[in-house]
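Have a look at the structure below before the remarks.
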Amino acid sequence: LQKSLSEIFGADKYSRARKEVLTYMFSRPMQMALYFCTGILDDETLFHHYALNVPFYTHFTSPIRRYADIVVHRLLSASLGARPPIKMEKEAIQKQADHCNDRKMASKRVQELSADLFFSIFVRVRP
């Protein structure tokens with residue numbers, strides 16, 4: 001795939017720009033990852049990570065970035081016995097996950113609209 005894409009991008013002065021635009025366009029339709037409480041879902045196939053092909057997957061970054069990451073850190077720490085269990089019902093955790101998903105999707109939509117706006121301005125001012 002990488003070889004085919006490199007051939008499409010070419011080797012002229014616009015190849016890097018073509019690569020960035022096409023890579024963005026190819027990845028845009030991919031489904032966004034969603035936060036969810038595993039205690040709510042009965043279907044364990046939903047825990048699967050498609051690209052990594054692993055049956056159980058959780059993702060988090062530094063807990064200073066997002067509230068969802070703080071919750072995941074706390075839940076993982078509790079499951080490993082490093083801290084006491086969180087005193088939240090699974091429905092409350094799912095409600096927080098839903099809210100984080102909503103905010104993440106709204107942010108992504110604004111980012112896409114901003115990119116579209118700036119692209120249209122760029123096209124308009126260029127002959």
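The values are calculated or read from the model by the stated rules, or taken from the named source; none is laboratory data. Source: prediction; values computed, not measured. No Cβ is skipped: glycine too gets one built from the backbone with ideal geometry, and neighbour counts run over all protein chains shown. Calculation scope for accessible area: heavy atoms of the full protein, side chains included, ligands and nucleic acids excluded. Shrake-Rupley method; radii C 1.70, N 1.55, O 1.52, S 1.80 Å.
Name the helices (complete DSSP H segments) of the chain with a Cα length along the long axis of 27 Å or more and a Kyte-Doolittle mean of at least -0.5, or state none.
90-125
Taking R0 as 41 Å, what FRET efficiency do you get between Asp42 and Phe119 from their Cβ-Cβ distance, rounded to the nearest 0.05?
With a Förster radius of 41 Å, E is 0.45.
With all protein chains present and a 1.4 Å probe, how do Leu76, Leu113 order by accessible area, largest first?
My answer, sorted largest first, is Leu113, Leu76.
Considering only protein heavy atoms and a probe of 1.4 Å, how much of the accessible area of the chain is carbon and sulfur, as a whole percent? Mind dumping the intermediate values first?
Values: 6520 of 10630 Å².
Solvent-exposed carbon and sulfur of the chain make up 61 percent of the total.
Assuming a ≥ b ≥ c are the square roots of the Cα gyration tensor eigenvalues, decide whether region 35-100 counts as rounded (a/c under 1.5), prolate (otherwise, with a/b larger than b/c) or oblate.
rounded
I'd like the accessible area for Ser4: 1.4 Å probe, protein heavy atoms, all chains in place, Å² to the nearest 10.
We get 60 Å² for Ser4.
Run the dipole for the chain about the Cα centre, Lys and Arg Cβ at +1, Asp and Glu Cβ at -1, nothing else charged, and hand back the magnitude in debye, nearest 20. Write out the running numbers ahead of the final one.
Numbers: 19 positive and 13 negative charges, 136 e Å.
Result for the chain is approximately 660 debye, rounded to the nearest 20.
Using only the alpha carbon atoms of the chain, find the Kirkwood hydrodynamic radius as the inverse mean reciprocal pair distance, in angstroms to one decimal. Display every interim value, and only then the final one.
On the way: mean 1/r = 0.0550 Å⁻¹.
Across the chain, the inverse of the average 1/r is 18.2 Å.
Among all the lysines, which ones have a C-alpha under 27 Å from Lys95's C-alpha, if same-chain residues fewer than 8 places away are not counted?
Result set, ordered by chain and number: Lys87, Lys104, Lys108.
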